[in-house]
Amino acid sequence: MIDMDALEIPEKMFEEMIEQANEAAPVEACGILAGKKNRAEKFYKMVNVDNSNTHFMMLPEEQFEVTKDMRSAGLKMLAIYHSHPETGTRPSQEDIRLAVTPDVIYVILSLANPGEPDIKAFEIEAGVVTAAPVEIVKG
Ligand SMILES: [Zn+2]
């Protein structure tokens, strides 16, 4: 069980996520949110090698670079993020199956309603999905 303090995403980062998602659409965008405690401080935009509108896959080389960068910056991986260009925020069967990283929150940004991006966070453990609190904060 992860610490249930809401994951805090600064407004500016949220805007960057929306921008990346809009640019990638109809392909899913993906990324990693790193920070301290429960506050995201850095957003790593990742390449979706699947180049698909229904799933995503990060490049291991790129993940390795991000892990190194996080470590040297004293940040930890808080969330694995991807967008749903055409569907709601619910994790897909594929998302649930591939959610194997321990101790992270899974963040999904839906662009299904034009002009109204919706963000939700989940804990996914051994196939069980639980909603996790996420807040967009000033700064
Ligand atoms: Zn998904």
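The values are calculated or read from the model by the stated rules, or taken from the named source; none is laboratory data. Being a predicted model, the structure only gives us computed values, none of them experimental. FYI the Cβ positions are ideal-geometry reconstructions off the backbone, even for glycines, and counts take in every protein chain you see. What goes into the accessible areas is simple: the full protein's heavy atoms, side chains included, and nothing from ligands, DNA or RNA. Shrake-Rupley method; radii C 1.70, N 1.55, O 1.52, S 1.80 Å.
Note on the chain: with neighbouring protein chains present and a 1.4 Å probe, carbon and sulfur make up 53 percent of its accessible heavy-atom surface. Computed from the alpha carbon atoms alone, the convex hull of region 76-139 holds 91 Å³ per residue. The heavy atoms of LEU98 present about 70 square angstrom of accessible area, all protein chains included, probe 1.4 Å. Cross-link partners of LYS68 among lysines, defined as those whose alpha carbon lies under 26 angstrom from its own and excluding same-chain residues fewer than eight positions apart: LYS12, LYS36, LYS37, LYS42, LYS45, LYS76.
When each of the peptides 58-68, 21-31 is scored by the mean number of other C-beta atoms lying within 10 Å of its residues, the order from highest to lowest reads 21-31, 58-68. Among MET57, MET77, the sequence by solvent-accessible area, most first, with a 1.4 Å probe is MET57, MET77.
Rolled with a 1.4 Å probe across the full set of protein chains, the surface gives LYS12 an accessible area near 150 Å².
Surface exposure of the chain, expressed per residue as accessible area with a 1.4 Å probe, stands at 55 Å². Using just the C-alpha positions of region 1-117 as equal point scatterers, what log10 of I(q)/I(0) does the Debye formula give at each q in 0.13 1/Å? Rounded to two decimals, the profile gives -0.47.
Sort out for me the Cα centre separation of region 1-47 from region 55-109, rounded to whole Å. The distance from the Cα centre of region 1-47 to that of region 55-109 comes to 9 Å.
Accessible surface for ASP95 stands near 20 Å², nearest 10, in the context of the full protein assembly shown (1.4 Å probe). Dipole magnitude for region 1-119: about 440 debye, using +1 per Lys or Arg Cβ and -1 per Asp or Glu Cβ, origin at the Cα centre.
Whole-Hz Karplus values for region 54-70 come out as 10, 7, 9, 8, 8, 6, x, 4, 5, 4, 4, 4, 5, 4, 5, 4, 4 Hz, taken residue by residue from phi with 6.51 cos²θ - 1.76 cosθ + 1.60 and θ = phi - 60°; glycine and proline positions read x.
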